[in-house]
Amino acid sequence: SQQGEEDPQALSIQEGENATMNCSYKTSINNLQWYRQNSGRGLVHLILIRSNEREKHSGRLRVTLDTSKKSSSLLITASRAADTASYFCATDARGFKTIFGAGTRLFVKA
Amino acid sequence: GAVVSQHPSWVICKSGTSVKIECRSLDFQATTMFWYRQFPKQSLMLMATSNEGSKATYEQGVEKDKFLINHASLTLSTLTVTSAHPEDSSFYICSARDDKTGGYNQPQHFGDGTRLSIL
């Protein structure tokens, strides 16, 4: 079963613009993770933010977590065509399992 | 970095055939591995948790006899789709956590997936 919802479902932007994706979840979590998936490939881990953290950065990526609202956002700054992919949030809850959100398909136009 | 190898990457076979997919952790040991299924343009749905030396734990709605999981060593889990039919066609992805570093607050490492097409 899926843990959360993501919005938007799809996002199309110009190269150089920022892209923001949101994720909401339903249950208490240990952490929230963001992954990237290129078409037809496996997932690449981007960032993990723990439940006691509010914000985390990695290069052009910025993730926020609001546990009171059960939501998270992923911001990609100065996007590039190579950032075109699907992005998923995932939560570790109910033990050791990782449950994925619905995903956002990002298309960055050169 | 930690690598998970999944094989085969792509398979086409006739209806009624059984298909085995392998998931190997190449440079770490993984007591627990996970199998996901993904339909086009959809998210990953957890099918089962594979446990080394014991029975797999299946998610609700996943047929145990249809999707056989064997986790015989700390570096290998296999998923066998038995008597596959066209509706089993999908993208199957495995993942694993490093036993040494993979606690609750560590990410999983994913294979590149297997695209299964049943004719």
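The values are calculated or read from the model by the stated rules, or taken from the named source; none is laboratory data. All figures in this text were calculated on a predicted structure; none of them were measured in a lab. Here Cβ is always computed from backbone atoms with ideal geometry, including for glycine, and neighbour counts include all displayed protein chains. Side chains are part of the model used for accessible areas, which takes the heavy atoms of the whole protein and leaves out ligands, DNA and RNA. Shrake-Rupley method; radii C 1.70, N 1.55, O 1.52, S 1.80 Å.
A few remarks follow.
- Base-10 log of normalised Debye intensity for the protein assembly as shown (one unit scatterer per alpha-carbon) at q = 0.07, 0.10 Å⁻¹: -0.22, -0.45
- Per-residue average of Cβ from other chains inside 10 Å of A:43-49: 4
- At a probe radius of 1.4 angstrom, the accessible area of chain A per residue rounds to 46 square angstrom.
- Stokes-Einstein diffusion coefficient of chain B, Kirkwood radius over Cα pairs, 10 °C, 1.306 mPa s, in µm²/s: 111
- Phi angles of the range A:18-34 translate, via the Karplus equation with coefficients 6.51, -1.76, 1.60 and θ = phi - 60°, into HN-Hα couplings of 8, 10, 10, 10, 10, 9, 10, 9, 10, 10, 5, 10, 8, 7, 10, 10, 10 Hz per residue; Gly and Pro are given as x.
- Loop-located trypsin sites (Lys or Arg not before Pro) across the range A:58-90 with a Cβ neighbour count of 14 or fewer within 10 Å are A:R60, A:K69, A:R80, with loop assigned by DSSP.
- Placing +1 on each Lys and Arg Cβ and -1 on each Asp and Glu Cβ, with no other charges, gives chain A a dipole about its Cα centre of roughly 240 debye.
- Inverting the pair-averaged 1/r between distinct Cα atoms of the range A:1-51 gives 13.0 Å as its Kirkwood hydrodynamic radius.
- Annotation note: GluC sites (Glu not before Pro) in the range B:49-119 located in DSSP loop regions with a Cβ neighbour count of at most 12 within 10 Å are B:E63.
- Relative to the Cα centre, the charge distribution of the protein assembly as shown, modelled as +1 at Lys and Arg Cβ and -1 at Asp and Glu Cβ, gives a dipole magnitude of about 80 debye.
- Debye log10 I(q)/I(0) for chain A, one point scatterer per Cα, at q = 0.12 Å⁻¹: -0.36
- Solvent-accessible area, 1.4 Å probe, carbon plus sulfur percent, for the range A:34-89: 45
- Net charge of the neighbourhood of A:S86, taken over other residues with C-beta under 9 Å away and scored Lys/Arg +1, Asp/Glu -1, is +3.
- Rh by Kirkwood over Cα pairs, then Stokes-Einstein D for the range B:1-66 at 0.890 mPa s and 25 °C, µm²/s: 177
- Between amide H atoms placed 1.01 Å from N, distances below 5 Å from A:F107 occur with A:L11, A:S12, A:I13, all of them 5 or more places distant or on a separate chain.
- For the range B:12-73, trypsin sites (Lys or Arg not before Pro) meeting the loop criterion (DSSP other than H, G, I, E, B) and having at most 15 other Cβ atoms within 10 Å: B:K14, B:K41, B:K55, B:K64, B:K66.
- Rolling a 1.4 Å probe across the protein heavy atoms gives chain B an accessible surface of 49 Å² per residue.
- Close amide H pairs (under 5 Å, H built 1.01 Å from N) link B:T17 with B:A84, residues at least 5 positions away or on another chain.
- Drop in accessible area of at least 50 Å² in the complex versus isolated chain, residues of the range B:85-119, 1.4 Å probe: B:R97, B:Y104, B:N105, B:P107, B:F110, B:D112
- Summing Cβ point charges (Lys, Arg +1; Asp, Glu -1) relative to the Cα centre of the range B:23-119 gives a dipole of roughly 80 debye.
- Working note: Karplus 6.51/-1.76/1.60 with θ = phi - 60° gives the range B:24-34 the couplings 10, 8, 7, 10, 7, 9, 9, 5, 10, 10, 10 Hz, where Gly and Pro are set to x.
- Kirkwood-type hydrodynamic radius, the range A:63-108: 12.3 Å, calculated from all non-identical alpha-carbon pairs.
- In Hz, Karplus ³J(HN,Hα) per residue of the range B:6-13 (6.51, -1.76, 1.60; θ = phi - 60°; x = Gly, Pro): 10, 8, x, 8, 7, 9, 10, 8
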